[in-house]
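Participant: Sharing a structure, written as structure tokens. Questions coming.
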Number of protein chains: 2
Amino acid sequence: MSLRSQGSKRRAAPESSAQTSPTFQQDGKVGMKEIAERAKVTKMTVSRALRTPDKVAPETLRRITAAMEEMGFVPNSLAGSLSARNSPIVPVIVPTMANSIFSDFIEEVSLTLDRAGFTPIFGCSNFDNEYEERLLIKYLGWQPSAIILTGASQTPRTRDFCQRSGLPVIQTWCLPEHPLGRVVGFSNYDMLYQITKALQGWGYRNIGFGFLNTPNNDRSRQRRLGWEVAVREGGDEPLHTRAQGGELSLEAGADILRGILGRHPDTKAIAFGSDVHAVGAVLECKRLGLRIPDDIAITGCGDMGLSSVVSPTLTTVRIPGRTIGRECATMVNLSVVGTYAGPSTVNVGFEIVRRESA
Amino acid sequence: MSLRSQGSKRRAAPESSAQTSPTFQQDGKVGMKEIAERAKVTKMTVSRALRTPDKVAPETLRRITAAMEEMGFVPNSLAGSLSARNSPIVPVIVPTMANSIFSDFIEEVSLTLDRAGFTPIFGCSNFDNEYEERLLIKYLGWQPSAIILTGASQTPRTRDFCQRSGLPVIQTWCLPEHPLGRVVGFSNYDMLYQITKALQGWGYRNIGFGFLNTPNNDRSRQRRLGWEVAVREGGDEPLHTRAQGGELSLEAGADILRGILGRHPDTKAIAFGSDVHAVGAVLECKRLGLRIPDDIAITGCGDMGLSSVVSPTLTTVRIPGRTIGRECATMVNLSVVGTYAGPSTVNVGFEIVRRESA
DNA sequence: AACGTCTATGAAAAAGTTTTCTGCAAAACC
DNA sequence: GGTTTTGCAGAAAACTTTTTCATAGACGTT
């Protein structure tokens, strides 16, 4: 049931907010020239006051600072970056921002880069490599300081542009065989390999696999490979009919469950490449009257908020999004300064979190 | 239980990725000058080829396009925007990116603005108005085309800078009494007013309120007001001991539930200002052995993924994040062109979604 | 007193585009 | 057939800052 409301049309108890009080003395354009005039110096000294205040006489600095405050001066970063031949901008391209998969990562990158004086720009490729290419080229036009990309399945042109840019490039959420630059990630292969092994260790057999079905998704491919190898090592054949893909939604997870169970009623566990699918499957089991984990075990990947909320709670693989974000930001920072000395690939690992569903 | 794994140290089955193949003929700096030389024109014509191709002779255009392709030219947006005296950048400041509260909104704004040729920049204020002010001033330096802000509780300085910038300013997720510019939002007051009324209609009395406890959160304040008015209209007194705040986490939701129930065991329903809290409360009820909604009813706000996954499923208020995002982006687009003709405040409304918890 | 060094400031060039203005040839007009 | 318009392209200025180079004076040393 769902009641619709447009809210009251009369502005009932409108949201309060402080009235604006004019603080600044000047309207119209205010650049370094205007500040300089007011402070009786040249714009050169104004520039210095901002970037190397210790090179400016205290009294002069005071006058300049006062002028800036009074006139509400905001330095033009466009001009500054153009002149300095580099900008603090750091593009970060992720497949999606809507799902909470990457949201911890995004927030941490954002906060950490901002604190370090950079300006992150987030782009959303929608799991589409061509779109990612378009975004990258667009971002390259801003003369960024570094580039952060998700995954390893960039188009050749994307790779070329990265290489030719001469910028620090960081790939994340993966462990590529041929990295573009530095890497902060984990092994998608190993993740599914380990969780499948774990399922086997807990006594489950005939393990299926549910994955995110987007074109050119190297992370899904790696996860599938991990599942296949583990299944084979367990003495079974990783039947492709026991694996099924779907888009990123709860419904797709339910579909996958029904599909695999329909083709192979003897399936005792399904390892999903995403918590979203896994949760969808758990809910579908309830609808179908299947007991978890007795009739079938379910595992996910990501340890998103959902997984500890669903009942039964989800056994999953925790990906340390915040750590990845912080690590990426630090790496950008040090790479730009040129003092990065750590390994070119940082494996942040993952953690199997056993709950009730397996 | 939780097993820790760093993944295999040997790069087991490293993630595959295409090898880079050199596509471009030239390394080193390639600007319009270089393209111009190669195409036997001046950089002026190159500039025209990019922005007004119909003003360039077909044959000339062909030569220029070919040169760009061969040399992998990326126009310098810094220079372009500086010269054109405005940039396609549009800052969007939200309180948090980590929670999925705003993630639909963010993705939709990102996609829609990108398609319209803008470059959104997302900043995260962490529910801190001073930090928001800092971010805004930093972003203003990029000479943006417009500004999108969440909420109505900006500092006076923030408001001044917005006003003085002369830019289109859009506030969202609220319906401010004194808007800075245009608004795309809904009434936070009405949201809690309506859901509380609904609870009363469903027969619940002694209704409590749980809210997000961050300093200067106008949205929480408005929601609380809505609860108070509705409770009073229902003939009860909105006791401040029946309201409790907490940070944005499941645990805080559980705390709030215990707190309110501890002080007022006769409480028959709690309306939460956030799904996160509400879900935390639902889980806590299960731990405490309380039946929902028989012993106590719970409602949330936001209709995040969590709310339809928890058991019992959550009655909540759906906020149309994607719609808000699209509307904001369209408004930016039209405002910048100067052809926006719609109302200066768009109320997207909300929708009460009744599920099992009330 | 001559010299070198250091500090505080300024003048001019540079960054890579777009804007504005100008020029020229060919087409269109009457 | 001369004039106006149109289509295409170039030259120079502008955008606002940083970089680079220069200079004037203070101070210390020999």
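Participant: Pick from B:Phe73, B:Phe127, B:Phe105: which is most flexible by mean-square fluctuation in a GNM of chain B where alpha carbon atoms under 10 Å apart are linked?
Facilitator: Residue with maximal mean-square fluctuation among B:Phe73, B:Phe127, B:Phe105: B:Phe73.
Participant: How high is the relative contact order of chain B, in percent, counting Cα pairs under 8 Å that sit 6 or more residues apart? If you can, show how the numbers build up before the last one.
Facilitator: Working: 627 pairs, mean separation 50.8, N = 358.
The value is 14 percent.
Participant: Just to be sure I understand: of the beta bridges DSSP finds with both ends in chain B, what percent are antiparallel, rounded to 5? Don't skip to the answer; put the middle values down first.
Facilitator: Numbers: 3 of 34 bridges.
Given both bridge residues lie in chain B, the antiparallel proportion sits at roughly 10 percent.
Participant: Based on DSSP H runs of at least 4 residues, each adding -39500 (n - 2.57), what is the mean residue ellipticity at 222 nm of chain B after dividing by all its residues, to the nearest 500 deg cm²/dmol?
Facilitator: Rounded to the nearest 500, the figure is -13000 deg cm²/dmol.
Participant: Let me ask something else about it. May I ask you to report, in nm to one decimal and beginning with the shortest, the distances from B:Ala341 to the same position in the other copies, taking label points 7 Å along Cα-to-Cβ?
Facilitator: Inter-copy label distances (nm, one decimal, shortest first): 6.6.
Participant: Indicate the gyration tensor shape class of the stretch B:32-75 (rounded, prolate or oblate), computed on the Cα atoms with a ≥ b ≥ c the square roots of the eigenvalues: a/c under 1.5 is rounded; otherwise a/b larger than b/c is prolate and the rest oblate.
Facilitator: Numbers: a/c = 1.44, a/b = 1.38, b/c = 1.04.
Cα axes put the stretch B:32-75 in the rounded bin.
Participant: Tell me, what ³J(HN,Hα) does each residue in the stretch B:192-203 have, in order and in whole Hz, if you take phi through Karplus 6.51 cos²θ - 1.76 cosθ + 1.60 with θ = phi - 60° and put x for Gly and Pro?
Facilitator: Each residue's phi maps through the Karplus curve to give 6, 4, 5, 5, 5, 4, 4, 4, 4, x, 7, x Hz.
Participant: ³J(HN,Hα) across the stretch A:276-289 via Karplus (A = 6.51, B = -1.76, C = 1.60, θ = phi - 60°), whole Hz, x for Gly/Pro?
Facilitator: 4, 4, 4, 5, x, 5, 4, 4, 5, 4, 4, 4, 7, x
Participant: When chain B is treated as a GNM, springs tying every alpha-carbon pair under 10 Å, which of B:Gly300, B:Gly185, B:Gly289 comes out with the largest mean-square fluctuation?
Facilitator: B:Gly289
Participant: If you don't mind, there's one more thing I want to ask. Going 7 Å from Cα along the Cα-Cβ axis for the label, what nanometre distances separate A:Gly28 from the same residue across the other copies?
Facilitator: 4.5
Participant: How big is the Kirkwood radius of chain B, worked out from every pair of different alpha carbons and given in Å to one decimal? Mind dumping the intermediate values first?
Facilitator: On the way: mean 1/r = 0.0424 Å⁻¹.
It is 23.6 Å.
Participant: Using the Cα gyration tensor of the stretch B:86-150, with a ≥ b ≥ c the square roots of its eigenvalues, what is the shape: rounded (a/c below 1.5), prolate (a/b larger than b/c) or oblate (neither)?
Facilitator: Details: a/c = 3.09, a/b = 1.10, b/c = 2.81.
Verdict is oblate for the stretch B:86-150.
Participant: Through the Karplus equation 6.51 cos²θ - 1.76 cosθ + 1.60, θ set to phi - 60°, convert the phi angles of the stretch B:227-236 into ³J(HN,Hα) values in whole Hz; use x for Gly and Pro.
Facilitator: Result, ordered by residue: 4, 4, 4, 5, 4, 5, 4, x, x, 9 Hz.
Participant: Still on this structure, I have one more. Whose amide H sits under 5 Å from the amide H of B:Ala297, counting only residues 5 or more places off or on another chain, with H placed in the peptide plane?
Facilitator: Here B:Ala269, B:Ile270 satisfy the definition.
Participant: Let me ask something else about it. When DSSP assigns beta bridges and you keep just the ones with both residues in the protein assembly as shown, what percent turn out antiparallel, to the nearest 5? Show your work: numbers first, answer last.
Facilitator: On the way: 14 of 78 bridges.
For the protein assembly as shown, the DSSP antiparallel bridge percentage is about 20.
Participant: Over the alpha-carbon set of the stretch B:188-318, work out the extent along each principal axis and list the three values in angstrom, largest first.
Facilitator: 32, 29, 25
Participant: About its Cα centre, how strong a charge dipole does the protein assembly as shown have in debye, to the nearest 20, once Lys and Arg get +1 and Asp and Glu get -1 at the Cβ? Don't skip to the answer; put the middle values down first.
Facilitator: Numbers: 82 positive and 72 negative charges, 275 e Å.
With Lys and Arg at +1 and Asp and Glu at -1, about 1320 debye.
Participant: Where the label is 7 Å out from Cα toward Cβ, how close does B:Ser249 come to the same position in every other copy, in nm, shortest first?
Facilitator: Result, one decimal in nm: 3.4.
Participant: Let me see the pair-distance distribution of the stretch A:206-277: every alpha carbon pair, 10 Å bin width, integer percents in order.
Facilitator: 22, 55, 22, 1
Participant: Here is a follow-up. Where Lys and Arg each count +1 and Asp and Glu each count -1, what net charge lies around B:Ile64 among other residues with Cβ under 14 Å from its Cβ? Walk me through the numbers on the way to the answer.
Facilitator: Working: positive: B:Lys33, B:Arg38, B:Lys40, B:Lys43, B:Arg48, B:Arg51, B:Lys55, B:Arg62, B:Arg63; negative: B:Glu34, B:Glu37, B:Asp54, B:Glu59, B:Glu69, B:Glu70.
In short, +3.
Participant: Can you tell me how the protein assembly as shown classifies by the Cα gyration tensor, rounded, prolate or oblate, using a/c under 1.5 as the rounded cut? Working shown, then result.
Facilitator: On the way: a/c = 2.02, a/b = 1.17, b/c = 1.73.
Oblate, since a/c reaches 1.5 and b/c is not below a/b.
Participant: Let me ask something else about it. Per residue of A:64-74, count partner chain C-beta atoms within 10 Å of its C-beta, then hand back the mean as an integer. Walk me through the intermediate numbers first.
Facilitator: Values: counts 0, 0, 0, 0, 0, 0, 0, 0, 7, 1, 11.
Neighbouring Cβ atoms belonging to other protein chains average 2 per residue here.
Values quoted throughout were computed directly from the atomic coordinates according to the rules given, and no laboratory measurement underlies them. From a predicted model like this one, the values you see are computed outputs, not experimental measurements. Note: ideal-geometry Cβ built from the backbone for every residue, glycine included; neighbour counts use all protein chains shown.
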